[in-house]
Amino acid sequence: MECCGPGYSSPAEAMKAPRERLLYTIAIYTGTGIQKPDYLATIDNDPDSATYSQVISRCDMPGIGDELHHMGWNACSSCFEDSSMSRKYLLVPGVRSSNIHVIDCATDPRNPTIFKVIEGARIKSATNLSAPHTIHCLGSEIIISMLGDANGEAPGGYLHLDKNFEIIGRWENSMGDIPFSYDFWYQPRHNVMVSSEWAAPKTFMPGFDLEEVGYLKYGRRLHLWDFEKKEPKQTFYLGEDGLIPLEVRFHHNPDSTHGFCGAALSANIIHWWKDDNDEWLWEKIIDVENEPHPEWPIPIPGVISVILLSMDDRFLYLCNWLHGDIRQYNIEDPHNPVLTGQVWLGGLLDKAPIVNGVKVTGGPQMIQLSLDGQRLYVTTSLFSTWDNQFYPEIRTNGGCMLMVNCNTEAGGMEIDQDFVVDFGKEPKGPSRCHETRYPGGDCTSDIWI
Amino acid sequence: MITHTVTLANRANTTIEVSAHRPLLETLRSQGIELPYGCKYGACITCAAKLLNGEVDQNKQVALNNRQIENGYVILCVARPTTDITLEIGVESHDKLYRNPFLDPLQAHELKADIATSKDP
């Protein structure tokens, strides 16, 4: 590497990075009945180690009831040419408490420690925002999507932090007429950011009332932003094809305009791109069929809770949290995805209730892929209140993490038989794991400017 | 200061005197009762408890639908007692809080207050 900032000069360089030997995932007690703090778990992922596939340390949060959820690095490849920056801190917010925990993962990568906490009360009073979700760094600064205002009402906005984790204020100049916030991703060479819509915190936090979808309390749009002006400029109304659009991913290739979103309740994949006339367009490219269930009055929707693109942008992965399958699609032609792999774990269809000796409670939910594209890590909990509705046994069984080996040549997936982390056996009782990251960056952390 | 007595049915009927003007989560925790909580603005349901007797003012809560209210749930981070009350607290009280929305849909009058229709129009 000829430069000394964090990350990699290009996605192709990132793919040559050493294998990830430590994994970080958050684990929650919020909503479980165990009165303990949520924590960041460190997992030994060195196959030659005696503690391979085990939790080797736990970094407890200072308070109870955060509901840790997503997390992000303080710096990524967008700072590659800035030698003053390093990928040292994970920002780990609590969706419910709005506390943002800054965790030092570099001083001792096997034992991360709390460096600083930005109190939710301070964020609310300084910015009138709550419920932090997605974190991206933009150069040496950090933006975080916040799903509500200080009272839990939509649409929230974007919290802007400097590199020392001080609150600058609101990042956006305008929310336009955006009704809801959730995930976002930006592609600076095209001066564009895309954001999606979940719902107001007061709507999604207590649990999922299906009827509220019909009352327009959940999202069904994607928003394109003028990234430099920090304001929305175009909306894709997805309608019934895009009910509850969650994770958004641009191609890692910084020159590409192609991107994808998983619409959870419609169980569709939405693809967008800019055409030769500089117009932004969208289409539905994958439609997961609902599945019959002997005890359900209506077929079960897949509920696509997450999507992810491999670093070379050749494969798209999606999870059907209620069905219980992870799918791999070749998207080299992004208009015409080809299903190349599928594995089952957990889910409501009873196709794979036990994997590697562990009863899988929940379904495949958050996923993270190794930089070389060969190992996919999957966890099973979605959100405490929603877990409690669809998979109530998760209270006693806890969540788990599994690894899926991915064929990056011909396509194909297979669950690794030697790797399983059972969070049902944690020392303080069953907890639930969610998003995963590792020290060298991963397939959802880095953006190239 | 006006106070009311809170009886905790699933904590061996422990009784606690609390202010009528402070949220129950705050006053109970300050007296050493362990309670789950999250947002502290009445929206996230983590601190829900079941009211077995008495009345509270919880007009600031926005988390509960009418079925949950009908089943006695109150949001402790914003609820204030207006009489002596008896509560069942903690996750043990959540037996009727969660339901599979596909298997057990809500009737129109059971939705959240802002969208519910009257049961007997």
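Please treat every number below as a calculation from the coordinates, not as lab data. Values in this document were obtained by computation on a predicted structure and should not be read as measured data. Cβ atoms come from the backbone with ideal geometry, glycine included; neighbour counts cover every protein chain shown.
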TODO: Work out, in µm²/s and without decimals, the Stokes-Einstein translational diffusion coefficient of chain A at 20 °C, 1.002 mPa s, Rh from Kirkwood over C-alpha pairs.
DONE: 99 µm²/s
Task: Helical mean residue ellipticity (222 nm; -39500 (n - 2.57) per DSSP H run of 4+; nearest 500) of chain A - done: -1500 deg cm²/dmol
Open item on the list: Using 0.36 nm times the number of residues separating B:Met1 and B:Arg22, minus their current alpha carbon distance, what extension gain do you get?
Closed with: 6.5 nm
- [ ] Provide Rg and Dmax in Å for segment A:242-290, with only Cα atoms included in the calculation.
- [x] 11.6, 37
Task: Separation of alpha-carbon centers, segment A:78-147 and segment A:367-414, rounded to whole Å - done: 24 Å
Task: Phi to ³J(HN,Hα) by Karplus 6.51 cos²θ - 1.76 cosθ + 1.60 over segment B:60-73, Hz, x for Gly, Pro - done: 8, 6, 10, 8, 8, 8, 5, 5, 5, 5, 4, 7, x, 6
Task: Cα principal axis extents for segment A:15-102, largest first, Å - done: 43, 35, 18
Task: Given charges at beta-carbon only (K, R positive; D, E negative), |dipole| of chain A in Debye - done: 1220 debye
Open item on the list: Can you compute the helix-only [θ] at 222 nm over chain B? Use -39500 (n - 2.57) per DSSP H run of at least 4 residues, normalise by all residues, nearest 500 deg cm²/dmol.
Closed with: -2000 deg cm²/dmol
- [ ] List the residues whose amide H sits under 5 Å from the amide H of A:Gln234, counting only those 5 or more places along or on another chain, with H placed 1.01 Å from N in the peptide plane.
- [x] A:Leu224
TODO: Can you bin segment A:162-217 into rounded, prolate or oblate? Criterion: square roots of the alpha carbon gyration tensor eigenvalues sorted a ≥ b ≥ c, rounded for a/c under 1.5, prolate for a/b above b/c, oblate for the rest.
DONE: prolate
- [ ] Among the GluC sites (Glu not before Pro) in segment A:247-326, which ones are in a DSSP loop with at most 15 other Cβ atoms within 10 Å of the Cβ? Mind listing them?
- [x] A:Glu279, A:Glu289, A:Glu295
Open item on the list: Please list, in order along segment A:435-445, the HN-Hα scalar couplings obtained from phi with the Karplus expression 6.51 cos²θ - 1.76 cosθ + 1.60 (θ = phi - 60°), rounded to whole Hz, x for Gly and Pro.
Closed with: 6, 10, 9, 9, x, x, x, 8, 8, 10, 9
TODO: Extending each Cα 7 Å along its Cβ direction at A:Ser83 and B:Ala9, get the distance between those two points in nm, one decimal.
DONE: 6.9 nm
TODO: Name the shape class, rounded, prolate or oblate, that the alpha-carbon gyration tensor gives for segment A:52-154, where a ≥ b ≥ c are the square roots of its eigenvalues, rounded holds for a/c under 1.5, and otherwise prolate holds if a/b is larger than b/c and oblate otherwise.
DONE: oblate
- [ ] Write down, largest first, the equivalent ellipsoid semi-axes of segment B:3-110 in whole Å, where each equals the square root of 5 times an eigenvalue of the alpha-carbon gyration tensor.
- [x] 23, 14, 13
TODO: Decide, for segment A:212-352, between rounded, prolate and oblate: order the square roots of the alpha carbon gyration tensor eigenvalues as a ≥ b ≥ c, take rounded if a/c falls under 1.5, and otherwise choose prolate if a/b is larger than b/c, else oblate.
DONE: oblate
TODO: In debye, nearest 20, what is the charge dipole magnitude of segment B:3-110 about its Cα centre with +1 on Lys and Arg Cβ and -1 on Asp and Glu Cβ, if you could check?
DONE: 260 debye
Task: Loop-resident sites, segment A:67-147, for trypsin sites (Lys or Arg not before Pro), counting at most 15 other Cβ within 10 Å (DSSP) - done: A:Arg110
Open item on the list: For A:Val306, what residues show an amide H to amide H distance below 5 Å, using hydrogens built from the backbone and excluding near sequence neighbours?
Closed with: A:Cys319
TODO: Report the FRET efficiency, 1/(1 + (r/R0)^6), for A:Glu289 and A:Asp333, where r is their Cβ-Cβ distance and R0 is 25 Å, rounded to 0.05.
DONE: 0.70
Task: Highest-fluctuation residue, B:Gly32, B:Gly42, B:Gly54 considered, GNM on chain B with Cα pairs under 10 Å - done: B:Gly32
TODO: Considering only A:Glu240, A:Glu435, A:Glu414, give the residue with the highest GNM mean-square fluctuation for chain A, with springs between Cα atoms whenever their separation is below 10 Å.
DONE: A:Glu240
Task: Amide proton proximity set for A:Trp185, modelled H, under 5 Å, gap of 5+ - done: A:Val194
Task: Residue pairs, from the table A:Lys163/B:Lys40; A:Lys116/A:Lys163; A:Lys124/A:Lys202; A:Lys88/A:Lys124, whose Cα atoms sit over 20 Å apart - done: A:Lys163/B:Lys40; A:Lys88/A:Lys124
Task: Radius 11 Å from Cβ of A:Ala126, net charge of other residues (Lys, Arg +1; Asp, Glu -1) - done: +1
Task: Rg over Rh [alpha-carbon atoms, Kirkwood Rh] for segment A:261-420 - done: 0.99
